[in-house]
Amino acid sequence: MNLEFNIAVHLLSFLVKHFDERFNSTELAERICVNPVQLRRVTRKLNQYQYLETSRGKFGGYRANITTARVNLAELFILFNEDKSEGRIYTGDESNNCEISREIGNTMSKFHKKEQQILIDYYKGITIRDVLNETLKEDTNETI
């Protein structure tokens, strides 16, 4: 899991809860407890895939659309984990004399791919509506 994935889930859950309302990035960033720049980076991708509705101008902002509640977390997980270059994540060196150092990166890379697939399979069964219902259940008995 990473922060952008978490922001996306939080944002979409919030917008579904407030379906008939529109929020600007400053309001949303405050409510989601993130920097507006981080929020806009996430909303740009969400808008590109039509997971939310965006309008510009004085009365513009973000809101849920009719499909937002059905967005599958596996789709979001893939979207916010693709092309991530967070620097070096494996130890070792393929030119090292030590057999373990030469091969550990390949081995860990295989494990990482399997780990990612397990998470994708897990998230396939969860929608934004499920997240919202689970979150609300903890505080109240309200469901969406």
Open item on the list: For the list (1) free of Cβ contacts under 8 Å to residues at least 12 places away in the same chain; (2) outside any helix (DSSP H, G or I); (3) more than 21 Å from residue 122 (Cβ to Cβ); (4) not polar (S, T, N, Q), I need the number of the one condition that residue 19 fails.
Closed with: (1)
Open item on the list: Among the residues in region 65-72, are any under 14 Å from the mean Cα position of the chain (by Cα), farther than 20 Å from residue 7 by Cβ and modelled with pLDDT of 90 or more?
Closed with: no
TODO: Could you tell me which residue of region 2-23 is nearest to residue 63 (Cα to Cα), considering only residues that are surrounded by 13 or more Cβ atoms within 10 Å (Cβ to Cβ) and among the polar types (S, T, N, Q)?
DONE: 13
Open item on the list: Let me confirm something: among 120, 100, which residue is in a helix (DSSP H, G or I), surrounded by 12 or more Cβ atoms within 10 Å (Cβ to Cβ) and of a type in the set (A, V, I, L, M, F, W, C)?
Closed with: 120
TODO: Return yes when residue 105 is in a helix (DSSP H, G or I) and either exposed (fewer than 10 other Cβ atoms within 10 Å of the Cβ) or at pLDDT below 90 (or both) and no when it is not.
DONE: yes
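The values are calculated or read from the model by the stated rules, or taken from the named source; none is laboratory data. Predicted model, so just to flag it, every value in this text is computed and none were measured. So basically every Cβ, Gly included, is an ideal-geometry build from the backbone, and we count neighbours across all protein chains shown.
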